[in-house]
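Rule-based calculations on the coordinates, nothing more; no lab input. Values in this document were obtained by computation on a predicted structure and should not be read as measured data. Methodologically, a virtual Cβ is constructed for each residue, glycine included, from the backbone with ideal geometry; neighbour enumeration extends over all protein chains shown.
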């Protein structure tokens, strides 16, 4: 009897190098297709994961709490989350981000979604998982939001600055909430512990940024100069990556996600004279590891689980849009923005992809949520990312903005 396609793939996929080749080629091909229709590459990667996972073709099988990928590929995939947040940090000007307006909008985008998301999850009968479900609604997708703003020719406008600044701030706040949520859902924290974790997270972000911008950037610059003299032109870049790993380690050690450390490290070097070189170098790592990470997110999606909780999934999507519109839109209005610009800010903050899915995967890998909840969160992230561009365009046009590229 001729071997089946599945048996052939099972044989080939036992080899790490073939699996790496297969995942990268398929992800790249689908990314080209999605780009042709103006959709973010990250959606393409997740869709690839869903299709090759057990929900559709079952090429990659899921066992236990794993993505089904070999351990070596999984490590590379997890590096994707680190490089993704490092790149976001390198793109973040701390002085422009931490403004009164950005912080107020971000706070609205954290408190309202978490509170309502938690309440809705409780109403649907979830227990401690409700805390985690609320947490996944907190963070805005900076990548999706930034790509929409760029496509519409809105870069540099007050609306764009408000959205991007607030999105970065609420991603940081989202990581703080993740750290607290992790402690609460795992039963390892009491009220005092929660307070201490929040203080530790804030101190880490503030002190880490201060040390990085004040001392480490200078150290890296000096190492880079010395490296050039000794024909080691990548010395500064290597040291920057080492510092990023150190920040990730410290973040994990104090009880928050390693990606918080990666972001803070990146933000420290965003004002460095070497930033452009660091961005270029990081882009190569990002191009390799980020697709693997998002493909791994897709492989553990359970379409059957979404069908079993279809009502909750639809409600969660509605809550995701409504809470950002209310929390961020009202805050933007309070800071002095006009009606339609405020609505545009609320809608622009609605997409949830990278950080929300990182948070969900973090919970899944640690047994804090199950495959069903994880799949619903991925569904919510994909739908919000797909619907936001048209809704954002509508709000901007109602506000009298002239858009390019659309």
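Tabulated data
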read-out: Mean separation of Cα contacts under 8 Å, 6 or more apart, over the residue count of the chain: relative contact order %; value: 28 percent
read-out: Area projected by the alpha carbon convex hull of the chain, averaged over all directions, nm²; value: 21.2 nm²
read-out: Enclosed volume per residue, in Å³, of the convex hull spanned by Cα atoms of the range 244-388; value: 151 Å³
read-out: Distance between the range 87-137 and the range 255-301 - C-alpha centres, whole angstrom; value: 20 Å
read-out: Relative exposure of 341, 171, 276, judged by other C-beta atoms within 10 Å (fewest first); value: 276, 341, 171
read-out: Over the range 326-372: Rg over Rh, Cα atoms, Kirkwood Rh; value: 1.26
read-out: Neighbour-count ranking [beta-carbon atoms within 10 angstrom, fewest first] of 231, 280; value: 231, 280
read-out: Förster-model FRET efficiency, 25 Å R0, residue 303 and residue 37, C-beta, rounded to 0.05; value: 0.70
read-out: Sorted by Cβ density within 10 Å, fewest first, the residues 272, 257, 296; value: 272, 257, 296
